[in-house]
Amino acid sequence: MENRAIAQKKDAATAPAPAPGPAAKGKPRLLLMGQRRSGKSSISSVVFHKMPPNETLFLESTARVQKDSMHSFMDFQVWDFPGQLDFLDPTFDLDAIFGEIGALIWVIDAQDEYLEAVNRLNSTILNLQPNYPNVNVEVFIHKVDGLSDDYKLDIQRDIMQRIQDELSDNGIENAPINFHLTSIYNHSIFEAFSKVIQKLIPHLPTLEAMLNNLCRANGFEKAYLFDVLSKIYIATDSSPVDMPSYEICSDYIDVIVDISEIYGWARPQSYIEYLEGPPWNHKLEDQVACKDAESCIVLSDGRRPIMLREVNKYLALVMVGKEGSYSQMAMITENVGTIVGGLLKAFEITKARK
Amino acid sequence: MPLFLIPRDDIQVIDDSSSSDEPEIPTMEQQMNNLSVQDEPVASPVSEPRKQKKKKVLLMGKSGSGKSSMRSIIFSNYVAKDTRRLGATIDVDLSHVKFLGNLTLNLWDCGGQDAFMENYLSQQRQHVFSNVGVLIYVFDIESRDFDRDLLTYRSIITALSQFSPGASVYILIHKMDLVVPNQREDIYNDRVALIQSKSDSFNATPFATSIWDQSLYKAWAEIIHDLVPNLDQIEKDLGNLGKIIMAEEILLFERSSFLVVSSWASDIGKLNPTTDRFERLSNIIKNFKQTTSRYTGTPKSAEQFNLLELKLQTFSLFIQKFTTNTYLAVVLPPGETTFNCAQLNCALARSQFEDLDSPPKRSADRGATASGEASAV
Ligand SMILES: Nc1nc2c(ncn2[C@@H]2O[C@H](COP(=O)(O)OP(=O)(O)OP(=O)(O)O)[C@@H](O)[C@H]2O)c(=O)[nH]1
Ligand SMILES: Nc1nc2c(ncn2[C@@H]2O[C@H](COP(=O)(O)OP(=O)(O)OP(=O)(O)O)[C@@H](O)[C@H]2O)c(=O)[nH]1
Ligand SMILES: [Mg+2]
Ligand SMILES: [Mg+2]
């Protein structure tokens, strides 16, 4: 896992900008659009490049479209648009932008005047409807940190109403538009991305069924399948997602990745030979119980274990156990191993079909 | 019995009481401890050599430089963003922090507004500057008038050399996060050189700090490290344990601040290229404690976890509750057997360390036998 953290960092830093158009085919695209300073680049930096939120204060206004290729459990692209760009201008090749789209994420700064932003969103949707009626539009009502709960809901209601009115005036009903209240200063932005990305995952029901089995067989309260780098969860069991369990599972990944980075350095060969020599006389990989990273933390409150199990280079399972179940860890670890095998198979099928 | 605690009145001072999670209602256990603190230990022949060690620590610097912020993060489980709601400190906030190995820090967080500073230097001069063990002086990197800051520092140093010439002085160049990264080193070096030239006969130890990263833990761990008694013995014992269990590294954390108070590394462990790993670990765990506290609904100051295990192909590690006041982190080569043996041995070693770490015995009749009972108190 420590290698993974490093490899992924490198990926993110050096990934060349993909050639536009057909070369990038088959990779769903997430488009980040909205007014200037609404927070698009901040979102992309925090979610996909692990930038600490307070450092986004130093981000400069985006001058041209920033294309990021994410190589993860599935490859996708994130396009960060400059706020002032009017891509509905006829000189833009709409198909090059919206052809491979996975979702259009429209970011609205909730701490600012938002009428202009809503108007632009409306005209964008109206323009896209004739040719791209199935584009998922995800509205991020953003920077809601510091706003009261009541105020957040008021804004959301108002924005939804304005969009619905405009669309039905133009004879459009049931356009796929979803709303999320987000902030880079807490987990809400990751939660929102999780929901956006899940819509792009093939075989989601298969994954969910496996996680349901896992929870039932081991008495887990919750199980998440995470993309380790972004900490987006790509599947979970069907019990309702509660923010606290998502938060603790996702933060636990951070803990493990960070510790792995600190201690995962390459030991000298002579030391490894010594460890594999007498009296052990076994390769290190045969001395460990599991080839992939495993970890567990036992909370003092109710002795509740939280478990983490690496699935592959990109994915990890994180599970919240029942109170006091630490004593059955050995059996649970076995069961988790079996499910991991199943998950890997599901992903192979996905790849083969593409 | 936890050695570390913040008296209730102290929590009220630094909290604006609008937050829901603090001030925390002390648990029964904490209240008992409060009592025991007020109980001055009765000296007995046995406890005498381990008499409680009190250290007066002055935390000074200009108003707004970040003194109360760092104190709240290190000792009261605040995270960086919580500090935005701290008000200016009026006069001096006193807190008594019980620490590892019978050490009590009397922390004087001295409000830095001009009127207060003048007062410390005049009317309260002797009261403030006598019997000082440590002066921690905080410089705000963003300050617009560094020359003036230096003048104030100079006056403080003069007062300190008058009343506590033997004190140690630490200078923290703080809020480094506000400087563009590629200029940090130059600005820091410039400032430190100037400050040191104004430090009289004191040998001022400098640190670059920010509440937004682990640098704060590095500074405070080193300051505390210089203060904890018995550390030589603890370090030796850690080394012995480490060799027996084939560890690459062993760290001893104070359980509440999660500062690394002692450590040992094997020849291999010493090769680890991540040199700031102690403060990074403190930061990682301290932050995660915030999450677990939110998750379980237990106060941040309460114990949050008993055990963390991590097994990889390149190393394994566990962090476990160790003595009353400490957690132990052990880094090992990979392998199930090594791991299990190490865990067993650490459990066996616990009582030996408990003895070093335990508070002074309260009464003569128990002093002779109670060393193993500390956890039952
Ligand atoms: N309070 C708060 N501020 C945020 C949040 N997200 C972003 N910001 C701030 O908003 C400002 C603008 O962010 P950017 O990400 O540069 O905005 P942008 O949409 O990319 O702007 P352009 O590139 O000019 O279109 C920065 O100062 C961010 O720190 C949030 O969730 N909460
Ligand atoms: N950017 C940044 N801000 C900080 C840092 N440390 C503290 N602050 C902020 O500085 C402000 C003032 O902090 P305090 O800790 O109240 O300052 P103080 O030194 O105790 O001030 P007095 O009590 O008046 O002497 C708070 O808003 C903190 O959030 C830091 O490392 N970086
Ligand atoms: Mg931008
Ligand atoms: Mg203060």
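Of the residues making up the stretch A:54-70, at least one is within 12 Å of ligand 3 (Cβ to nearest atom), in a loop (DSSP other than H, G, I, E, B) and within 14 Å of chain B (Cβ to nearest Cβ). Go through the stretch A:142-160 and count every residue that is under 19 Å from B:K81 (Cα atoms) and loosely packed, with under 12 Cβ neighbours inside 10 Å. The number of residues fulfilling the criteria is 2. Is it the case that B:D149 is under 19 Å from the mean Cα position of the chain (by Cα) and of a type in the set (D, E, K, R)? No: the conditions fail for B:D149.
Quick one: in the stretch B:310-324, which of the residues that are facing chain A (nearest Cβ under 7 Å) and touching a residue at least 24 places away in the same chain (Cβ under 8 Å) is surrounded by the most Cβ atoms within 10 Å (Cβ to Cβ)? The qualifying residue surrounded by the most Cβ atoms within 10 Å (Cβ to Cβ) is B:F315.
If you go through the stretch B:79-101 and keep only what is in contact with a Phe, Trp or Tyr (Cβ under 7 Å, 6 or more places away or on another chain), away from ligand 4 (no atom under 13 Å from the Cβ) and not in a helix (DSSP H, G or I), you end up with B:V97, B:K98, B:F99.
For A:K231, the test of being within 12 Å of another protein chain (Cβ to nearest Cβ) and charged (D, E, K, R) is failed. Here A:R267 fulfils each of the conditions (1) more than 7 Å from every other protein chain (Cβ to nearest Cβ); (2) surrounded by 17 or more Cβ atoms within 10 Å (Cβ to Cβ) apart from (1).
Considering only residues in the stretch A:36-53 that are assigned to a loop (DSSP other than H, G, I, E, B) and within 7 Å of ligand 1 (Cβ to nearest atom), the one that is surrounded by the fewest Cβ atoms within 10 Å (Cβ to Cβ) turns out to be A:R36.
May I ask you to say which residue of A:E310, A:E273 is of a type in the set (D, E), farther than 13 Å from B:G335 by Cβ and touching an Asp or Glu at 6+ places or on another chain (Cβ under 7 Å)? Only one candidate passes the filter, namely A:E310. Condition test on B:P273, is it facing chain A (nearest Cβ under 7 Å), closer than 15 Å to A:S260 by Cα and touching a residue at least 40 places away in the same chain (Cβ under 8 Å)? No: the conditions fail for B:P273.
The number of residues in the stretch B:286-309 being more than 9 Å from every other protein chain (Cβ to nearest Cβ) and under 19 Å from A:I262 (Cβ atoms) comes to 2.
The set of residues in the stretch A:52-67 that are free of Cβ contacts under 8 Å to residues at least 24 places away in the same chain and away from ligand 2 (no atom under 16 Å from the Cβ) comprises A:L59, A:E60, A:T62, A:A63, A:R64, A:V65. Taking the stretch A:123-221 and the helices (runs of 4 or more DSSP H) fully enclosed by it, the elements with 3 or more residues that are closer than 30 Å to A:S325 by Cβ and either touching a Leu at 6+ places or on another chain (Cβ under 8 Å) or among the aromatic types (F, W, Y) (or both) are at A:188-198, A:204-218. Screening the stretch A:272-285 for residues that are touching a helix residue (DSSP H, G or I) at 6+ places or on another chain (Cβ under 9 Å) and either at pLDDT 85 or above or at the interface with chain B (Cβ under 7 Å from one of its Cβ atoms) (or both) and picking the one that is surrounded by the fewest Cβ atoms within 10 Å (Cβ to Cβ) gives A:K283.
Scan the stretch A:240-262 and give yes if some residue there is outside any helix (DSSP H, G or I), touching a residue at least 24 places away in the same chain (Cβ under 8 Å), facing another protein chain (nearest Cβ under 7 Å) and buried (at least 17 other Cβ atoms within 10 Å of the Cβ), otherwise no. No - not one qualifying residue is present in the stretch A:240-262. Scanning the stretch A:291-306 for residues that are hydrophobic (A, V, I, L, M, F, W, C) and within 7 Å of another protein chain (Cβ to nearest Cβ) yields A:A293, A:C296, A:I297, A:V298, A:L299.
A quick yes/no check of all residues on (1) under 27 Å from B:Q290 (Cα atoms); (2) surrounded by fewer than 22 Cβ atoms within 10 Å (Cβ to Cβ); (3) charged (D, E, K, R):
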residue	(1), (2), (3)
A:S188	yes, yes, no
A:S194	yes, no, no
A:L200	no, yes, no
A:P205	no, yes, no
A:R216	no, yes, yes
A:G219	yes, yes, no
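Are any residues in the stretch B:261-270 within 11 Å of chain A (Cβ to nearest Cβ) and not in a helix (DSSP H, G or I), and if so, which ones? Result: B:S266, B:D267, B:I268.
The values are calculated or read from the model by the stated rules, or taken from the named source; none is laboratory data. The model shown is predicted, which means the values in this text are computed figures rather than measured ones. Neighbour counts are summed over all protein chains in view; Cβ atoms, including those assigned to glycine, are modelled from backbone coordinates with ideal geometry.
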